[in-house]
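Trainee: Supplied in structure tokens, the structure appears directly below.
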Amino acid sequence: MIIYRGRVFTPVSDPFVSGEQPAWAYFRGGYVAVERGKIVSIGDWKTRSERIAGETVDFGSESLLTPGFVDTHLHAPQVEMIGSFGGHLLEWLERYTFPTESRFADPEHARRVGSFLFRELLRNGTTAGMIFSTIHQEATDIFFEEAESAGFRGIIGKTMMDRNAPEYLLEDAEASYRGSKALIEKWGKHPTLRYAITPRFAPTSSPRQLELAGQLKKEHPECYVHSHVSENKAEVAWVHELFPDAPHYVGVYDHYGLLDSRTVLAHGVHLTDDEIALLAKRGGRVAHCPNSNLFLGSGLLPLRRLLEAGVLVGLGSDIGAGTTPSPFNAMADCYKVQQVRGDVLNPFQLWYLATLGGARVLSLDDRAGSLEPGKDADFLVLDLQATPMLEARTVHAESIEDLLAGLIFIGDDRVVRKTFVQGREVSRRI
Ligand SMILES: [Zn+2]
């Protein structure tokens, strides 16, 4: 057993649901005891049980131990095109994204980008994430290998597209089905990696391709479905033109059997009440990517409306329309977007969305997302004095709520001193 000491904060339940129990636990002089990659116990160091004994690593009171962050939506191939500016969603895809993704026909390029990306995510404190690849089978296979070698908990899928994109990024529906199936057979039963059936979004898949995606889901119900929905108004209008018989955008995915509790749809900014109700009924989840929504001018998510309808929502960086992988930025931008909408979120709610809430969205909460006995030891050591500004701010923090707020709005990758996944140190600040 190894016992890590420092301040310890973890969400333990949903702070959007008001109840008598606090939705979190905090120990100023705390500890996390880890054995064989799992959390055995957490609590107050002074009142620990006698059974908590072993090697002790004390990070001091300037450190905060907290769960690894969960990024519910990002694009691996887009990491090097962050900040490509100008244009809303559809022109941005044409102008920057499609040419960038075409380069992943080259396996060496995929290797280089994959190797960089997963280490970068861990360095930023993200220990789990749901990830788009490109249409290329080999590049996707390489992303799986790189996630595995970095120690990242990834849910990855080969993008499916057979229309409305440049010829060089299209693949006929049957070939896309076969390529996805081969990857499911190779990676579907991995201990920490998972496969997501990944049609890019309804406009770039023919009805035949969506039908085959639905067939894959039927053949492999344990697989996730990862796509986009209702990000931008022009996109929504286009979906209505392309699928005139569908009741709405969410209805397209539902028609092809792509909607259940393993479905994660990015954005959902402009969803109607009927769509939200259908998502809730099927158990579908939404990845909220506030940085990306601001960058592409897509709109402001009615977060509370989704949560109150019973739709689970997590945070996503949406690299490369999002401009940083940092979960601190995702929390800060989430706060600001809701502020503009007139809904004030508190730091516990933001931290929950980025950790346990995200793990629930990805159905990983039985093993990740919070520091609780029996879960995998996926945790971070945050440095509360990482920068002069942070130190000036945290010294005066009067409560854990205030401390978290300081981290959310001032924190970035420099705060993350160490990252552990399954009790193994997978990243350390140099
Ligand atoms: Zn996206």
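Trainee: Tell me the label-point distance for the pair E148, K38, using the 7 Å Cα-to-Cβ offset, in nm and rounded to one decimal.
Mentor: According to this spin-label approximation, the distance is 2.4 nm.
Trainee: Could you check what % of the DSSP bridge pairs in the chain are antiparallel, to the nearest 5?
Mentor: Details: 29 of 62 bridges.
Of those bridges, close to 45 percent are antiparallel.
Trainee: Also, I was wondering about something else. Taking the chain as the reference, fit the longest principal axis to its C-alpha atoms, fit the long axis of helix 137-150 to the helix C-alpha atoms, and give the angle between the two in degrees, 0 to 90, nearest 10.
Mentor: The angle comes out near 0 degrees.
Trainee: If I stretch the segment between T56 and L90 completely, what's the gain in nm (0.36 nm per residue apart, minus their alpha carbon distance), one decimal? List each step's numbers first, then the result.
Mentor: Details: separation 34, 0.36 × 34 = 12.24 nm, distance 5.31 nm.
Contour length minus Cα-Cα distance gives 6.9 nm.
Trainee: Please report, largest first and rounded to whole Å, the three semi-axes of the ellipsoid equivalent to the stretch 69-325, where each semi-axis is the square root of five times an eigenvalue of the C-alpha gyration tensor. Can you show the working numbers first?
Mentor: Numbers: eigenvalues 118, 82, 71 Å².
Here the semi-axes work out to 24, 20, 19 Å.
Trainee: How much length is gained on full extension from H190 to A175, taking 0.36 nm per residue of separation minus their Cα-Cα distance?
Mentor: Full extension from H190 to A175 adds 3.0 nm.
Trainee: Output the peptides 80-90, 227-237 sorted from most to least packed, where packing is the average of other Cβ atoms within 10 Å over each peptide's residues.
Mentor: Details: 80-90: 14.3, 227-237: 20.9.
Answer by packing, highest mean first, reads 227-237, 80-90.
Trainee: Where does the chain land at 222 nm, in deg cm²/dmol rounded to the nearest 500, when only DSSP H runs of n ≥ 4 count, each adding -39500 (n - 2.57), divided by all residues? Could the numbers behind the result be given before it?
Mentor: Working: 16 runs with 155 residues, N = 430.
That calculation yields -10500 deg cm²/dmol at 222 nm.
Trainee: Okay, next question. Quick one: dipole size for the stretch 1-128, taken about the Cα centre, charges +1 on Lys/Arg Cβ and -1 on Asp/Glu Cβ, in debye to the nearest 20.
Mentor: 460
Trainee: Just subtract the alpha-carbon distance of E80 and H109 from 0.36 nm times their residue separation and send over the number in nm, one decimal. Mind dumping the intermediate values first?
Mentor: Working: separation 29, 0.36 × 29 = 10.44 nm, distance 1.12 nm.
Computed gain between E80 and H109 is 9.3 nm.
Trainee: List the extent of the Cα atoms of the stretch 116-180 along each of their three principal axes, largest first, rounded to whole Å.
Mentor: 37, 20, 16
FYI, it's all coordinate maths here, none of it is from the lab. A quick note: this is a predicted structure, and the numbers were derived from the prediction, not measured. Heads up, the Cβs are rebuilt from the backbone with ideal geometry, glycines too, and the neighbour counts pull from every protein chain shown.
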